[in-house]
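Chemist: Before we start, here is the structure in question, set down as C-alpha cells.
The values are calculated or read from the model by the stated rules, or taken from the named source; none is laboratory data. Just so we're clear, the structure is a prediction, and the values are computed from it rather than from any experiment. Glycine also receives a Cβ, built like all others from the backbone with ideal geometry; neighbour counts cover every protein chain displayed. These area figures cover heavy atoms from the full protein model, side chains too; ligands, DNA and RNA do not enter into them. Shrake-Rupley method; radii C 1.70, N 1.55, O 1.52, S 1.80 Å.
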Amino acid sequence: MGIVESILIAISLCADCLAVSLCSSVTIRKINWRAVLRVAVAFAIIQSGLLLAGWLFGNLFVGLIERISHILGFLLLLYVGGSMFIEGIRNKQEIRDLNGLKNVIIGGVATSIDALAVGVAQSMSGQTWPGFAPLLISVFIVTAISVICGIRGGTALGSRFGRWAEIIGGLVLIGIGVSLLF
C-alpha cells in the first residue's frame, strides 16, 4: 500500500474523531494545550491500536465485528451525545469535555471501531507488515491532527454560541450514532 492510499484511508477513518472532538469541546472556554495534546495522543493511540489489533487478529474478529460494531458505536455515541444534550438543556455550568479519562476512552473507542474493521480487512487481504506500517503511522498522525483541530474548532463554537452549541453538538453525536445502525 502506498503512502497516498494510506493517508486517504487515515483521513476517512478520523472523520468521526474530528466530529466527536469538535462536538465534545464546545464547553471548553480556554484551551489548555497540554490537555489537548494528551487527548489527541490518546485518540491516536486508541485508533491506531485498534487498527493494529484488527490487522493482528484479522480472521478471528471478522464475524464479531460485522455483528456488533454498529451497535457498540451507537451506544457509546448515544451516551456521550445524550449527556451533552441533557447538560445543555439543564444549562448546567459543569464542564464536560474530553479531559476526563473516562470520556477520552469512550470517545476514542466509539470513533475507532471502524479502524478495527479496516485492520481486519487489511489482514484478510494479505497485507504484510511493510505494507501495513505506513497506514498505521498515517492513522496515528492524521487522527492526532484531526482531534486538535476539532477541539480548537469546538472551543471557538462554544465561546460564540454557548449552551446551544452543546445541545447541537450532543444531537450531532446522537445522529452519528444512529447513522451507524443503518
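Chemist: Taking each full run of DSSP H in the chain as one helix, which ones are at least 18 Å long along their axis (Cα atoms) and have mean Kyte-Doolittle hydropathy of at least 0.5? Please report the intermediate quantities before stating the final value.
Modeler: Numbers: long enough: 3-24 (31 Å, 2.01); 33-56 (33 Å, 1.52); 58-90 (46 Å, 1.21); 129-161 (47 Å, 1.33); 163-180 (26 Å, 1.57).
Qualifying helices: 3-24, 33-56, 58-90, 129-161, 163-180.
Chemist: In Å², and per residue, what accessible area does the chain have when probed at 1.4 Å with the other protein chains present? Intermediate results must be reported in sequence, preceding the final value.
Modeler: Working: 9140 Å² over 182 residues.
Roughly 50 Å² per residue, with all protein chains present.
Chemist: Residue separation times 0.36 nm, minus the C-alpha to C-alpha distance between ALA133 and ALA53: what's the value?
Modeler: Values: separation 80, 0.36 × 80 = 28.80 nm, distance 1.29 nm.
Separation in residues times 0.36 nm, less the Cα-Cα distance, equals 27.5 nm.
Chemist: For the chain, what % of the accessible area comes from carbon and sulfur atoms, probe 1.4 Å? Present the calculation step by step, with values, prior to reporting the outcome.
Modeler: Working: 6510 of 9140 Å².
Accessible surface attributable to carbon and sulfur in the chain totals 71 percent.
Chemist: Then there is this: Which one of GLY150, GLY131, GLY108 has the biggest mean-square fluctuation once the chain is modelled by GNM with Cα springs under 10 Å?
Modeler: GLY131
Chemist: Could I have the simple spin-label model distance between LEU37 and MET124, label points 7 Å from Cα toward Cβ, reported in nm to one decimal?
Modeler: Going from the LEU37 label point to the MET124 one covers 4.0 nm.
Chemist: Continuing with the same structure: Given the options GLY88, SER24, ILE3, identify the residue whose Cα lies farthest towards the positive end of the charge dipole of the chain (+1 on Cβ of Lys, Arg; -1 on Cβ of Asp, Glu).
Modeler: The residue sitting most towards the positive pole is GLY88.
Chemist: Under a 1.4 angstrom probe, counting protein chains only, how are PHE74, PHE57, PHE85, PHE132 ranked by accessible area, largest first?
Modeler: Details: PHE74 40, PHE57 100, PHE85 65, PHE132 0 Å².
These residues rank, largest area first, as PHE57, PHE85, PHE74, PHE132.
Chemist: With springs connecting C-alpha atoms under 10 Å apart, model the chain as a Gaussian network and identify which of ALA19, ALA144, ALA35 has the largest mean-square fluctuation.
Modeler: ALA35
Chemist: For the chain, the longest stretch holding no trypsin sites (Lys or Arg not before Pro) located in a DSSP loop with at most 14 other Cβ atoms within 10 Å is which? Intermediate results must be reported in sequence, preceding the final value.
Modeler: Details: sites that count: ARG29, LYS30, LYS92.
Counting at most 14 other Cβ atoms within 10 Å as exposed, the longest clean stretch of the chain is 93-182.
Chemist: Now for a different question. Any idea of CYS17's accessible area? Nearest 10 Å², probe 1.4 Å.
Modeler: Counting only protein heavy atoms, CYS17 exposes about 0 Å² to solvent.
Chemist: While we're on this one: Given 0.36 nm per residue, what is the gain on full extension from LEU171 to ILE105 after removing their alpha carbon distance, in nm?
Modeler: Details: separation 66, 0.36 × 66 = 23.76 nm, distance 2.01 nm.
Computed gain between LEU171 and ILE105 is 21.8 nm.
Chemist: Under a crude label model (7 Å from the Cα following the beta-carbon direction), how far is ARG67 from SER159 in nanometres?
Modeler: About 4.9 nm separates the two model spin labels.
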